[in-house]
Amino acid sequence: MIRLENVGFSYGNGQWRLKDVSFAVPAGELAIVAGANGSGKTTLLRHINGLLLPEEGRVLVDGLCTRNALREVRRRVGMVFQHADAQIVGETVSEDVAFGPENLCLPRPEIDGRVREALDAVGLAHKRHQRPHLLSGGEKRRLTIAGIMAMRPKVVVLDEPFSSLDLFGVQQVLRQILALKASGCTVLVTTHDLDKIITHADRLLLLHEGRLVAAGPPDHILPGIEQFGVREPDATRCGMPVRSWLN
Ligand SMILES: Nc1ncnc2c1ncn2[C@@H]1O[C@H](COP(=O)(O)OP(=O)(O)OP(=O)(O)O)[C@@H](O)[C@H]1O
Ligand SMILES: [Mg+2]
């Protein structure tokens, strides 16, 4: 569903921030992108919905290349940014969730149904008339996820979805991510907090200074990950499975 072929990108200043990055994530998988600060995770995510176009190589989503099918790719990929405030546009919680489906030019009853369903799914139905900027950080994160869910994308990419969330916030966001996967979505998540999601992941991709240094099943990649500035979950360091945050 997602395929990168020899992707290189430099922000135009001569320093490669992604170099020779190639991988594929099959439809319906949950993949995690890990790496130290500045390793290129956000830059990579921005390539998947075509916010950035590669200077070398190509990015394919559902067989479509971001360079020559940008509109079609954007319809397929929902992106949840690290800073929810940057993504909130509506005057009320409901209007914010409706914004995406409205841009898809769906009929009003369909939009209203999707908004209700998405707000129910993230537990924000009771706040639908509230101004988004009065929500807590965790609630804003869930609101941006609802906005993406309402567009029913085939692929969802989330940038640091667990940052600054408490236990219940992590659990709620994790449930949404698993619900997206259960609905058939392909999901790509960047995180520094591997222990919060790794037990649910099909694939781990490890970036180091813009290069993909490992990719595969998490169990194979986790040992030795700390040399790349990513904390290995305590459980796997002791040879045990990581406990899910949902139980
Ligand atoms: N708009 C930009 N212009 C120039 N350089 C940039 C820009 N955005 C990021 N960079 C550089 O690209 C590199 C990768 O940044 P990126 O944000 O992708 O890292 P990251 O892995 O997401 O880091 P973090 O864990 O801190 O979120 C960094 O060295 C950064 O300074
Ligand atoms: Mg980042």
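The values are calculated or read from the model by the stated rules, or taken from the named source; none is laboratory data. As the structure is a computational prediction, the values presented were derived from the model and not from experiment. Neighbour counts run over all protein chains shown; Cβ positions are idealised from the backbone, glycine included.
Can you say whether residue 119 is within 16 Å of ligand 2 (Cβ to nearest atom) and surrounded by 22 or more Cβ atoms within 10 Å (Cβ to Cβ), as far as the supplied structure shows? Judged against the criteria, residue 119 is not a match.
Of the residues making up region 150-167, those that are away from ligand 1 (no atom under 16 Å from the Cβ), in contact with a strand residue (DSSP E or B) (Cβ under 9 Å, 6 or more places away or on another chain) and in contact (Cβ under 8 Å) with a residue 60 or more places away in the chain number 5. Looking only at residues in region 140-174 that are in a loop (DSSP other than H, G, I, E, B) and aliphatic (A, V, I, L, M), the one that is farthest from residue 185 (Cα to Cα) is 165.
Taking residues in region 28-54 that are more than 14 Å from ligand 2 (Cβ to nearest atom), and partners anywhere that are of a type in the set (Phe, Trp, Tyr), the pairs with Cβ atoms closer than 6 Å and at least 6 places apart or on different chains are 54/9.
For region 55-85, the set of residues classified as within 16 Å of ligand 1 (Cβ to nearest atom), of a type in the set (A, V, I, L, M, F, W, C) and farther than 20 Å from residue 162 by Cα consists of 59 only. Against the numbered list (1) within 16 Å of ligand 1 (Cβ to nearest atom); (2) in contact with a Phe, Trp or Tyr (Cβ under 8 Å, 6 or more places away or on another chain), residue 174 comes up short only at (1). Filter region 180-220 for residues that are over 19 Å from the mean Cα position of the chain (by Cα) and modelled with pLDDT under 95; which is nearest to residue 242 (Cα to Cα)? The extreme case among them is 219. Taking the criterion of being within 16 Å of ligand 1 (Cβ to nearest atom), touching a helix residue (DSSP H, G or I) at 6+ places or on another chain (Cβ under 8 Å) and in contact (Cβ under 8 Å) with a residue 12 or more places away in the chain, would at least one residue in region 88-97 satisfy it? Taking every residue of region 88-97 in turn, none turns out to be within 16 Å of ligand 1 (Cβ to nearest atom), touching a helix residue (DSSP H, G or I) at 6+ places or on another chain (Cβ under 8 Å) and in contact (Cβ under 8 Å) with a residue 12 or more places away in the chain. Among all residues of region 107-125, there is none that is over 27 Å from residue 171 (Cβ atoms), touching a helix residue (DSSP H, G or I) at 6+ places or on another chain (Cβ under 6 Å), at pLDDT 95 or above and of a type outside the set (A, V, I, L, M, F, W, C).
Taking into account only those residues within region 21-54 that are more than 14 Å from ligand 1 (Cβ to nearest atom) and under 11 Å from the mean Cα position of the chain (by Cα), which is surrounded by the fewest Cβ atoms within 10 Å (Cβ to Cβ)? Looking at the filtered set, the residue picked out is 30.
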